[in-house]
Every structure is written in C-alpha cells, then in structure tokens.
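Below: one structure, written as structure tokens.
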Amino acid sequence: MPDIDVNAPGTTVLWMGNEGIARGALEAGVGFASAYPGTPSSEILPAIAEVAKRMGIYAEWAVNEMVAMESATAASLAGIRSIAIMKQNGVNVVSDFLANLVMRGIGKGLVLICADDPGPHNSSNEQDTRPVAKWLDIPLLEPGDFQEAKDMTKWLFDLAEEINTICMLRTVGKIAHTRGNIKLGELPVVEHKAHFAASYGFRGAGPHAELHKKLAKAQEKFESSPFNLYIGPDKAELLIIACGASWLYSQEAVRLMNLQDKVGLLKMGTIYPLPEKFMEKHLKKASKVLFVEEVHPFVEQGVMELVGTLPPSGPHPVFYGKRSGHIPAYGDLDPSVVIKAINSIMGLNYQTRDAEYDKKVKALAQSYVTARSGTLCPGCPHKASHWAIHRALQLTGHEGFGTSDIGCYGGGGVGSFGITKTHFCMGGGIGVANGFGKLGRFGFDQPVVAFCGDSTFYHAAIPGLIDAVYNGSNVLMVIFDNSATSMTGFQPHPGTGRNAMGEPAATVSIEAVCKAIGAQVVICDPFELKKTTDTLVDMIENKTGVRVVIMDRECELIRARREEPPYRVYVDPEKCLGEDCGCDMFCNRVFLCTGLTWNRQTGKAEIDDVICAGCGVCVDVCPHGAIIKEPYTAKGKEKVAVKGKEKLKEVAAR
Amino acid sequence: MKKLKKDPLNLIIIGVAGQGNVVISMLTCNALLREGYLVTFGQTYGANQRGGPVMNYVRVSQEIQCSPLLPDGTADVILALEPVEALRMLAKYGNPNVTTIVNPRPIISIDAARGDSPYPDLDTLTQAIKDLSAKTWLINATEEAQKLGNPIVANVILAGALIGSGILPLDKKAMETELRERFPRAIDLNMRAFNRGIELVSA
C-alpha cells in the first residue's frame, strides 16, 4: 500500500482508484473516515488509516456500514469533513439512515463512497447502487478513470457543504481496483476541532421540498462540470454516452476501430441528477445514440426520460443500449462488448483477430483448459470446520443442512462439501436458520446449522441470535472465528484487540455475548477433527434450543506470515493403496485440498510440497492412514521431503 | 522513454491465486511508470485468497490511459505461472503474433482432483501453447526456484525471463531498482532469481 500522504503535488503515481479516492479525501481535508470492509472498496479505509496519525485525522473500521455512516454523520455535524466507505451491500444496510439523513442536511462536507462489483467477482450479488441516489435524492458522481476517482472525491466535499446534503460517489470494481496514472494535488493543513452547533436542532421530515431545491442546485453545477466531456466530430454518425470504466472501454473500441471521425464520445461523470441542458445540446450531434454503462440502464433511462419531455422538434435520436439488447444489463463490460455493439449498429464487421486463429484456439481450449473453481486455501481452518460439520450431518441423518452468510466460509457448495444450502446477506445465516428452527410445530425435523464468521457476528448476526432465544427457535450456530476479516484482506474487528490505525483496542468476546444472550456455547479447535465432529454430533442429537459452537483457529494466511508450518506432511507410498484402495481416491476426490494431488505414474496420492500449508488435517481424512505428519523443523523439512520422494521412486521402480 | 513498437502494448500476467503474479505485475508496472508511460494495471480475481485463477492485465501506452480490460484477441505477451492458465488466456486474448512465457509446472485444480474436468497431458498442453504463439519460452520457474532455496521466488524468475525476452521497453536496471524497493531484506535471493530468469531466456 502506498503512503497516500506523500506531499508531492504534481507527481504522477500508479495507484488504484481506491487509493485515489483516499487521496482525494485527504486533499479535501477529511478529518474522519469510517468504513466496513467490502471488496471492491476494501483498500480505501486502510490507505487513510495508515497515514491517519501523521495527518491528525481519525480512521476506523466500524462494526457495520450503518454505524460507519452514523459516526461519519456525527463528525460532519460537529464541523469535520467526513467520509463513509462501503461496497454495494453496505449501501443497502445504510439505506434507512440515509433516507432520513437527506431530509435533514449535514454540517461539514459528508461523502458516501460506494464501490459496486459488476460481475460479480467478489460479492454474493450483483447490484447497481446508482438508483439509490435517485430513490433517496442524493447527488451522485461516477469516475471514468483513476485520476477522476481522486478529483471527484475531493470536489464532492465542496459540493456537499455548498448545498448542505450528503453527496455520493459510485465506482465500479474495474476502476476501484485497477491501478492507473494519478497526478497528485496539494495536501491542505487542517486542524480539526469538533463542536456541535446547537443551531442545527431537530427537524422533522418536512424539508423534502428543500431537498429538491438542493438537487436543482447540484444539477445547475453539473451543467458546466469538467467531469463531463465530449470528444468527436460536430456531426457524428453515432454518439456513445458512457460512464465509469465503460468510458475507457468505449474510447478504446472507437480508437481501435479507427472511427474517431464518425463516432462521438460523450463521457458523463455527473450521473444524478443529469445535467439536462448539457445532454440536450450533445444529443443533437447524432441521430443514433448508444449507451455504455455497467449493470443498470441508469443514464440510458435518465436520457430517455429527458427526451420524452422535449418538443417534437427534438432531438429524438434512436437509442441503443440495454433496452435494445446491444449492451448486457449484467456483468462487467469490456472493449469487445462495445466493438460488437458498434459493428451491429453501424453495419460493420470489425474483428480483433483472424477467424482461422479464433477457430483453432477455441478448439484447443475446449479440449485442454481444465476448470479451476476457487476454493478454500490449503491449511484453512474453515475447511476442517466444514469437514466436521459435513461428517456430523452425515452421522446424524435427517437431511441436515447449512445456511450461510458472507465470508470465506460461505462461498457455496464446493468449500463446504455441499452442505451450504442458502447463502444470502451478512447475518443471513443465523437469520434464516432461526426461521427454520421455528418450524418444528409444522413437523420440521431437519437439523439446521447456521454459518457465521467472526466479523459477520458483530456486523449483523446478533439480532438473529437474540430473536432465536426470545422466540424459542431450535437452531445450531457455528461461528468460524479465524481472528480476522479474511476475505477482504485481514482487517481487524472487535474481536481482534486492535483497531484500524493499528492501536490496541478493547475486545468484545463472542463467547460472552452469546452466553449473555442465553445460548449454550462450546468452543472447538477445528484441527482436532474427531473431537469437533463428536461435539457437533452431540449438539445436534442430544441438545435443543439455541446452541453455538465457536470454531477457534486463526486464519492460515495470517499464521503463515508469522511462523513456519506446524507439520511436514507426506503420503507414505507403501501405505497408500492408490487406485487399488476401496476409497476411490477419497483424499483427492472428496476432501478437495489443492495440496493433495494424484501421481499418475505411481497411481497413488501425493502431497504437492509447494502448495501444502502443513496443517495436517488430511491425515485424519485418509481411511488407510497413509498420510503422515511430522513436526516441522527446518532440518526435518529436507529429511521428510527426501524420505517421501525416495519411497516414491522405490515404488515406481517396482 | 523508448517509443513503443505497438501502442498500447498489452501484457497479461496470469497464475493461480497465491503464486505471486500480482507482485511481479506491480514491479513491472512501477518500472514502466518510472519510464514515463501511461500504465493501466487491471485485475480479475475471485473471492478466494487461494486456488482460483488471477488475471493481471498490464497495458502500456504513450497516448491514452487504457481501460482495465483489453479487447479480445489483442495480447502481445502472455506470462503464465501455470500452463493451463496460459491456454485459458490464449483462448480469449491470443493471436498469431503473441509471445508466451510459461512456467510448465501444473497446479491441479479441485475440479481436476474431483475428476470433473481432467487436467490435460502436459506435453500436449505445451505443444498447443506453442502452436498458438509466435514465440514461446518454457521456463521451469518452480523447479529453478526450489534449486535457489525457496519455491516462492518462481514469480521473480519469470519476471527475469520477461525482461530478458526484450519485449517490454524496460532494461534490467529498471527492474532491479523495483526489486530493491520491494524486497529490501530478501534482496539477494530475489536478485539471484531475477538474474536466473534472464539467463534462462538468453540460453
């Protein structure tokens, strides 16, 4: 992570859009930053937190996005420029607070950053957050490159202050998480002093009309914004209106197709409210208009709405985009999508590679490109936990299943051996399991296990757990406590004893909270597979009511940074019966650890030394006891690896 | 700043999460920025920390800030830390002029382990990669890294091969500067790995 407080105005750096956003906030004199980790927004807050002490500002990981937004609002009301940062799902969590905030105004500049994940690549859902701006009346910008990620963030603080309402930046993963050239601006010296002005006072929901005046003022400013620009001829055959990463894709498609003198490009940065006079002027440039934007047809519909109010004299161009089927309303786009749309609209047949090569490469890829599903890391304690739950559900019968929320442990069927049957939002694991647990009165007798992470527990699981106790639900909750918010980059949380700025922090004990709520609580080490499985079986078969099992084992990737692996693991080729064993390659086929492979020559299992993390869990999985673990020592490493290889050679020679 | 033979120059660095392909992409990008180019470094990766493919798209221009993703069929160089991943990228971004630099050591996916999607025969696979490239270097980076004492530097060996191939407008010194900045404490091992990579493409 770069030091984003580098005081070198005019210098060009290669930073992520996210780091640009963080810098933009610093250049605006932000004093208070709060966020909850969520990719693709995850790098923004750490970049600020890293320099916070030096800059005399405050940065924190909040327990969830709602709390982040509320805290940032308080700081704004006390006269400090503030920022709240989250991914798309976070905005859903915040929406109730936002819907009220917009009716009441702010203090100093208050900006909401939302990073959407078209694809989705790192999310449980795909969602476009821009409609939230329209729904809740929030002025919205969307950066078209990395420089704008910084510049827009900075400018939004001024705008928010001037019109006295929260302003929002929507970015997408391919801007937020892509590095590009950013030219740095000045860093102001601000001495932050907090004091709440009593004149703010309490206001009811009356000033909705006032809010619309604020929006009109924002729209007026957007009419002459440098964030909107046109490149192309005065009269074009086709006008492309694009925003976000789609602007870069469109620009490149036109350049590659050599259509610069025929196709005009209108890049929009001020997304809501749209600057209507500006749009109207440019709509006159062509009789055909193509909209390129990611996920919803948000600008597309905005322009259609505008054109619907124009007199018959126009302009009334023909529209192409999501409605016409030229641009998909899902997934992330790329230059090829734009090329295809331009080909179709303009009757061209531009191809980026020759047809013969295309045919050949596709045939070879179909034959030889093996699928590569993502999975849990080698040595991941969640894998051991899932294995134990999977075994316990097999042993107890009655079609038991798991309901998950969001985290490494929640990633669908493969990682959890097929036991995860529902996968919704943060807290959705216990929430849904709690519902199932109330269905006994209707004959429901299947064991239900709720999956929850440690960070997720603090974020959204506590109300579900309280409800389960209060309403007498029959449910088992497993908390995968690996001491970090691992999926988004190991951020600390209230259980880790440190805060975003790296200082020691109070610890909130998950066990104590669960016990205080009234649940029965047991703590297991998932690496003790048998003991953990027995505990789970006992919990499912012999106990009723609200039960919590905390799987206590640190994230492997954090452990590996600090120390050598616990074990050196190898397959004893004399014990492994290979293809002749009745297990039918059980360790490879069922346990699915990437460190376990199959030697085609010997027809036996093998450990891939390069990948194996040395957790030793697979030792308890092999039905024939052929996987051996020995305590790791630097010397032992050589010895064991050689021993395994020599044995293999011997077996291969027979 | 050397004039690019082709603008933009499109480099793909692909591997399996955990192989260190992001690190060498960053080193390359920073070196290019220092030379004064407009650089875009886009990524596609899954929700997992390990196991899934991670694609890095490095795009270099003297004219425009390129988009995070390149148009299909327009890669100039594909550097693959894993051989199946090389073919995966060729399928989308390959063309008759592409250069491939490939570490032929397989990482077996869980889909292959499960028997759902067999891992191809290695010789057939590398032949397919050669057939689809104007020029291919097979660099046994994992093996060479193990010889140097730690498989983790396989990525830096490949970075050496990339610079040694002469495809990028970067010389050895430019990357050495980046390596020194990135690995101040493990510089000896990384420098040996980098130089070994250069040797392997020069041989």
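The values are calculated or read from the model by the stated rules, or taken from the named source; none is laboratory data. Values in this document were obtained by computation on a predicted structure and should not be read as measured data. In this analysis, Cβ positions are derived from the backbone assuming ideal geometry, glycine residues included, and neighbour counts consider all displayed protein chains. Accessible surface is based on the protein model in full, side chains and every heavy atom, while ligands, DNA and RNA are left aside. Shrake-Rupley method; radii C 1.70, N 1.55, O 1.52, S 1.80 Å.
Okay, here's what the table says:
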read-out: Spatially close lysines, pair count over the stretch A:381-560: Cα under 16 Å, gap of eight or more or interchain; value: 4
read-out: Fraction of antiparallel bridges per DSSP, the stretch A:381-560 only, in percent to nearest 5; value: 10
read-out: Trypsin sites (Lys or Arg not before Pro) restricted to DSSP loop in the stretch A:534-600 with at most 16 other C-beta within 10 Å; value: A:Lys543, A:Lys575, A:Arg600
read-out: The stretch B:75-91 residues near the modelled B:Lys5 label - backbone nitrogen below 17 Å, point 7 Å along Cα→Cβ; value: B:75-79
read-out: Residues A:Phe586 and A:Gln520, FRET efficiency given R0 of 45 Å [Cβ-Cβ distance, rounded to 0.05]; value: 0.85
read-out: Folded to 0 to 90 degrees: helix A:146-163 orientation relative to chain A principal axis, Cα; value: 60
read-out: Proximal lysines relative to A:Lys284, as straight alpha-carbon distance under 16 Å, when same-chain residues fewer than 8 apart are discounted; value: A:Lys235, A:Lys262, A:Lys267
read-out: Along chain A, longest interval not containing exposed GluC sites (Glu not before Pro), exposed being DSSP loop plus at most 12 other Cβ atoms within 10 Å; value: A:192-398
read-out: Where the stretch A:229-346 is the region considered: accessible area per residue in Å², 1.4 Å probe; value: 38
read-out: Residue pairs, from the table A:Lys604/B:Lys147; A:Lys217/A:Lys288; A:Lys213/A:Lys277; A:Lys150/B:Lys172, whose Cα atoms sit over 24 Å apart; value: A:Lys604/B:Lys147; A:Lys217/A:Lys288; A:Lys150/B:Lys172
read-out: Chain B, helix-only ellipticity at 222 nm - DSSP H runs n ≥ 4, -39,500 (n - 2.57), divided by all residues, nearest 500; value: -12500 deg cm²/dmol
read-out: Reach of A:Lys221 by Cα under 14 Å, taken over aspartates and glutamates that are not fewer than 8 positions away in the same chain; value: A:Asp158, A:Glu161, A:Glu162, A:Glu276
read-out: Chain A - Rg and Dmax from Cα coordinates, angstrom; value: 28.2, 90
read-out: Delta accessible area of at least 10 Å² on complex formation, residues of the stretch A:225-260, 1.4 Å probe, chain isolated as reference; value: A:Leu248, A:Tyr249, A:Gln251, A:Glu252, A:Arg255, A:Leu256
read-out: Accessible area per residue, Å², the stretch A:60-211 with all protein chains present, probe 1.4 Å; value: 33
read-out: Beta bridges per DSSP with both ends in the stretch A:229-346, % antiparallel, nearest 5; value: 20
read-out: Anchor B:Lys92: aspartates and glutamates whose Cα lies under 13 Å away (excluding residues fewer than 8 positions away in-chain); value: A:Asp334, A:Asp354, A:Asp358, B:Asp72, B:Asp76
read-out: Inter-chain shielding of A:171-180 (mean C-beta neighbours from other protein chains, 10 Å cut-off); value: 6
read-out: Helix A:245-256 vs. chain A, principal-axis angle (Cα, 0 to 90°, nearest 10); value: 80
read-out: Summed buried accessible surface, chains A and B, 1.4 Å probe, nearest 100 Å²; value: 5700
read-out: Label zone at A:Gln601, where the point sits 7 Å out along the Cα-to-Cβ direction: the stretch B:124-155 residues whose backbone N lies under 20 Å; value: B:124-127, B:139-147
read-out: Residue-normalised accessible area of the stretch B:1-108, given per residue in Å² at a 1.4 Å probe; value: 26
read-out: Pairs beyond 21 Å (Cα-Cα), from A:Lys108/A:Lys154; B:Lys5/B:Lys130; A:Lys174/A:Lys360; value: B:Lys5/B:Lys130; A:Lys174/A:Lys360
read-out: On Cα atoms only, tilt of A:529-542 relative to the major axis of chain A in degrees; value: 80
read-out: Centroid-to-centroid separation of the stretch B:113-139 and the stretch B:16-67 [C-alpha atoms, Å]; value: 23
read-out: Extension reserve of the A:Lys235-A:Asn258 stretch, reckoned as 0.36 nm per residue once the Cα distance is removed; value: 6.6 nm
read-out: Accessible surface of the protein assembly as shown, 1.4 Å probe, proportion on carbon and sulfur as whole %; value: 52
read-out: For the protein assembly as shown, share of DSSP beta bridges that run antiparallel, in % to the nearest 5; value: 35
